[in-house]
Amino acid sequence: MSGGPIKAHAVQLEPPGLSGWAASPTGTAYVHERASVEAGPEVLLTALVHGNEYSGAWALDAFLRSGLHPRRGRITAAFCNTAAFARFEARHPDASRFVDEDFNRVWSASVLDGSRHSAELSRAREIRPFVDRASHLLDLHSMHEPCGPLLVTGLLPRNIAFAQSLGTASQVVVDAGHADGVRMRDYGPFAEKEGSRIALLLEAGQHWELASLQAARNVLMRFLVGCGVMDHGDVPPGWLLPDAMPPPPVMVTHRIVARSADFAFVQDFRGGEIIRRAGTPIAHDAGEAVVTPYDDCVLVMPSVRQLRPGVTTVRLGQRGDGMV
Ligand SMILES: [Zn+2]
């Protein structure tokens, strides 16, 4: 896996045209609501938190165009980092993840209330009121490398249980978030142990594969039914993939961070591999082997696409049935 520049994956799925959603009655560009007269959950669906991950934006666009309305409560759909998305170029598809900084690392009150400025912070401050009011958040992402869908839950049992109950084949990944900033799904009330708010992050598959759009639509609709804003019978044909039994959740225990630009995996891992024996080399870095810390170690989201010292190259986890 070492040597030579990494080729970009083919862009099968073209970027959606979103200009029709710029103007909005909400007063916030690219944020739209569908409300019932009946009280109910406040659901927030977000896409384009990363500008080049637009399978979720296709799914939101399809939802808004479908004419579907909640039976109860309100559904808000937000296209988040539209400034980064506007820079998307198929020739440099990895370059439009963000403009100034990662939109998904600014979600703490101290950063949002602080004096720092960036394109992403301005947009996060616009979207924050919709996040503040949400009882349920589904944040739609995708991945650098081809991989089956993952539902990232954070550590709270209520999110793990909700994700496992959706009837999708998505691997639930239980992780603590990032040291370099707070994700939207870990923001404020979503992270309160005693609270009831639900927040999930979907990694639908590789950014520009058609299968990622199908996964995003399937999870989006199941999430709406699971929250109770829509009934199963309301789901139009073609949105759902067949019911599936999810595998047991994976608890992330380690992040492997590149120490050098020479980091290289020993084989072309795709994620989901289970390495049977502790001490098995999975990569080499700075002249040393990177080995698994325990038996039956699961690899989660391996990628050397944005390789440089300090970047996470893979998460390591343990499967557990007893976590829910
Ligand atoms: Zn993302």
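The values are calculated or read from the model by the stated rules, or taken from the named source; none is laboratory data. Small disclaimer: the values here were computed from a predicted structure and weren't measured. Positions of Cβ are backbone-derived with ideal geometry, glycine not excepted, and every protein chain shown enters the neighbour counts. These area figures cover heavy atoms from the full protein model, side chains too; ligands, DNA and RNA do not enter into them. Shrake-Rupley method; radii C 1.70, N 1.55, O 1.52, S 1.80 Å.
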Go through segment 101-130 and report how many residues are open to solvent by 30 Å² or more (accessible area, probe 1.4 Å) and within 16 Å of the ligand (Cβ to nearest atom). 2
Failed item in (1) away from the ligand (no atom under 15 Å from the Cβ); (2) of a type outside the set (Lys, Arg); (3) crowded, with 19+ Cβ neighbours inside 10 Å, with CYS80 passing the rest: (1)
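Looking at segment 76-102, which of its residues are assigned to a helix (DSSP H, G or I) and either in contact (Cβ under 8 Å) with a residue 60 or more places away in the chain or not assigned by TED's automatic domain parsing to the domain that holds GLY27 (or both)?
THR82, PHE85
When you scan segment 188-289 for strands (runs of 3 or more DSSP E) that lie fully inside it, which ones turn up with 2 or more residues that are under 30 Å from LEU64 (Cβ atoms) and within 17 Å of the chain's Cα centre (by Cα)?
Values: elements: 198-206, 250-257, 281-285.
Here the list reads 198-206.
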Could you grab the pairs with beta carbons closer than 6 Å, sequence gap of 6+ or different chains, first residue in segment 131-148 and within 16 Å of the ligand (Cβ to nearest atom), second one open to solvent by 30 Å² or more (accessible area, probe 1.4 Å)? HIS144/ARG305; CYS147/ARG270
I'd like to verify a number: residues in segment 131-176 that are open to solvent by 30 Å² or more (accessible area, probe 1.4 Å) and of a type in the set (D, E, K, R), how many? 4
Looking at segment 244-272, which of its residues are modelled with pLDDT of 95 or more, closer than 25 Å to ALA161 by Cα and open to solvent by less than 50 Å² (accessible area, probe 1.4 Å)? PRO249, VAL250, VAL252
Determine if segment 31-46 includes at least one residue that is within 16 Å of the ligand (Cβ to nearest atom) and under 23 Å from VAL99 (Cα atoms). yes
Answer with yes or no whether ARG97 is open to solvent by 30 Å² or more (accessible area, probe 1.4 Å) and over 17 Å from the mean Cα position of the chain (by Cα). no
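Residues are listed down the side, and each one gets a yes or a no for (1) more than 15 Å from the ligand (Cβ to nearest atom); (2) open to solvent by 10 Å² or more (accessible area, probe 1.4 Å):
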site: HIS178; (1), (2): no, yes
site: ARG197; (1), (2): yes, yes
site: GLY205; (1), (2): no, no
site: ALA215; (1), (2): no, no
site: PHE223; (1), (2): yes, no
site: CYS227; (1), (2): yes, yes
site: ASP231; (1), (2): yes, yes
Failed condition for ALA47, given (1) open to solvent by less than 30 Å² (accessible area, probe 1.4 Å); (2) farther than 13 Å from LEU220 by Cα, with all others met? (2)
Over segment 290-313, the set of residues touching a Gly at 6+ places or on another chain (Cβ under 9 Å), at negative phi and among the hydrophobic types (A, V, I, L, M, F, W, C) is VAL291, CYS297, VAL298, LEU299, VAL300
